[in-house]
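See below for the structure under consideration.
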Amino acid sequence: MEQSKLESAKKSTTRREEAVQKIQELNTSFSKEAEQKLTQKLETVQEKKNAQIQALQDRLRDHEKHVEEVRSKKVDRSTSQEDAVAQ
């Protein structure tokens, strides 16, 4: 009788330990998966941010070129007007 109680208790303890181990494995797996997803998301956000910054820098460079062209044309026009007035 006592032997069967001990065996039953041992089986119960073993099942509990297995359940705890399985829960720990699931938690570990979930944590790793969540960390990987977060890392991927952060990398995607960083790449998108860098692309937006690059696009903005390109637009600013183009704008700067246009400003220089307009400024150069204005200087040329004012110089030619001064020459015309001087003659």
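Values quoted throughout were computed directly from the atomic coordinates according to the rules given, and no laboratory measurement underlies them. Quick caveat, the model's predicted, so the values are computed rather than measured. Because the Cβ atoms are built from the backbone with ideal geometry, glycine has one as well, and the counts that use them run over all protein chains shown.
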* To do: For segment 16-27, just list the computed ³J(HN,Hα) in residue order, Karplus coefficients 6.51, -1.76 and 1.60, θ = phi - 60°, integers in Hz, with x standing in for Gly and Pro.
  => 5, 4, 5, 5, 5, 5, 5, 4, 5, 5, 5, 4
* **Neighbourhood charge, 14 Å Cβ-Cβ cut-off, centred on residue 62 and excluding it, Lys, Arg +1 and Asp, Glu -1** => -1
* Select from 6, 21, 45 the residue farthest towards the positive end of the dipole of the chain; place +1 on Cβ of Lys and Arg, -1 on Cβ of Asp and Glu, and compute about the Cα centre. => 6
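When every alpha-carbon pair in the chain is counted, what percent end up more than 22 Å apart?
70 percent
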